[in-house]
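In what follows, a structure is listed as structure tokens, so that the remarks can point back to it.
Values quoted throughout were computed directly from the atomic coordinates according to the rules given, and no laboratory measurement underlies them. Owing to the predicted nature of the structure, the values given are computational and were not obtained by experimental measurement. Glycine gets a Cβ as well: all are built from the backbone with ideal geometry, and neighbour counts include every protein chain shown.
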DNA sequence: TTTGCTGCAAATGCTTTGCATGTAG
DNA sequence: CTACATGCAAAGCATTTGCAGCAAA
């Protein structure tokens, strides 16, 4: 299936890469996984894949444009499958849930600002942090991520 | 002078803290320093202050609201003296220069988005990365910071 | 077969911490 | 004098890398 994507990226189609791709695809709700998250998921699936490989594969995927790496405030990097559409993020400080959004107005004004300051923008990152109002969000003060 | 700020923050007025505060204040152009930057500046001033202390002091300053910690893409954290006014950042990928800006339109739309998604925003971070067009900016591919 | 991939363990780089000493209040 | 600060060295954590063995094409 998505072995094609790997080929196109100049990467051999191997089990670790397919598995990791699969995990990134299947995580519908919280599609923003750290290397550790993915590693643990692999262990749970009885896959014998090392953490170093997870990092290597994710780095390669990033270089190939398959995934994007984000640095949220907690330090640990999270990876997200690229679906072509650009979007920004809003992170719940209580439950760690991540929502995505696009606001064309924000995008426009960003470009205007960049132009005014004489910058040729190559990339940008907008992340808002706050408290969501979902019923299942535990307001425990400290964030507890991964489901 | 700013010993007051320290007192108000519940921190004893010590040489390391004053010196670090001073360094953060005096860096007019590139006011976004990493712990290492500050440490080296201290060494250059023949101050005998350990790197661990720099980190401890900066962390305390952050907790006290005196400085803000930013995580730009290169991983290393940078610290900026808080001057009350909120602003976002645009970073040059070539020379590492950081410009600050505020766009009320962006702020407004951010709030609108947050409200629409049911989030109570506590904080946000908008950073743009690009190439500036300054004469003294070396387009050397890799970023070379500190003056 | 040949090149590239993997696992493991060791190394890295930034940041934090334990502990004995020093110093502000 | 007492509590908090500091310096140093060692620890911690996420991430990267070296290397010998393995697997895809």
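Here's the yes/no breakdown for (1) buried (at least 16 other Cβ atoms within 10 Å of the Cβ); (2) within 19 Å of residue A:123 (Cβ to Cβ):
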site: A:43; (1), (2): no, no
site: A:46; (1), (2): no, no
site: A:51; (1), (2): no, no
site: A:56; (1), (2): no, no
site: A:64; (1), (2): no, yes
site: A:76; (1), (2): no, no
site: A:79; (1), (2): yes, yes
site: A:84; (1), (2): no, yes
site: A:88; (1), (2): yes, yes
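If you take the residues in the stretch B:2-19 that are closer than 16 Å to residue B:82 by Cβ and out of contact with any helix residue (DSSP H, G or I) (no Cβ under 7 Å at 6 or more places or on another chain), which one is nearest to DNA strand D (Cβ to nearest atom)? Quick ask: steps written out before the conclusion?
Taking the stretch B:2-19 as the starting set, the residues that turn out to be closer than 16 Å to residue B:82 by Cβ are B:2, B:4-6, B:8-9, B:11, B:17.
If we keep only those that are out of contact with any helix residue (DSSP H, G or I) (no Cβ under 7 Å at 6 or more places or on another chain) as well, we get B:4-5, B:8-9.
Details: B:4: 15, B:5: 13, B:8: 12, B:9: 9 Å.
Ranking the qualifying residues of the stretch B:2-19, first place goes to B:9.
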Checklist line | Any pair with Cβ under 6 angstrom, 6 or more apart, that starts in the stretch B:1-26 at a residue that is in contact (Cβ under 8 Å) with a residue 24 or more places away in the chain and ends at one that is surrounded by 15 or more Cβ atoms within 10 Å (Cβ to Cβ) and assigned to a loop (DSSP other than H, G, I, E, B) | finding: B:9/B:64; B:16/B:49
Checklist line | Criterion: closer than 23 Å to residue B:90 by Cβ and within 16 Å of DNA strand C (Cβ to nearest atom) - qualifying residue of A:72, A:101, A:79, A:61 | finding: A:72
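Could you tell me whether residue A:50 is without any contact (Cβ under 8 Å) to a residue 60 or more places away in the chain, over 13 Å from the mean Cα position of the chain (by Cα), within 13 Å of DNA strand C (Cβ to nearest atom) and under 25 Å from residue A:72 (Cα atoms)?
Judged against the criteria, residue A:50 is a match.
I want to confirm something. Restricting to the stretch B:20-47 and keeping residues that are more than 16 Å from the chain's Cα centre (by Cα) and within 14 Å of DNA strand D (Cβ to nearest atom), which single residue is nearest to the other protein chains (Cβ to nearest Cβ)?
As a first pass, look at the stretch B:20-47 and keep what is more than 16 Å from the chain's Cα centre (by Cα): B:40, B:42-47.
Filter once more, keeping what is within 14 Å of DNA strand D (Cβ to nearest atom): B:40, B:42-43, B:45-47.
Numbers: B:40: 23, B:42: 25, B:43: 27, B:45: 30, B:46: 33, B:47: 29 Å.
Residue satisfying both the conditions and the ranking: B:40.
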Checklist line | Meets criteria (more than 12 Å from DNA strand C (Cβ to nearest atom), more than 30 Å from residue A:104 (Cα to Cα) and surrounded by fewer than 18 Cβ atoms within 10 Å (Cβ to Cβ)) for residue A:12 | finding: no
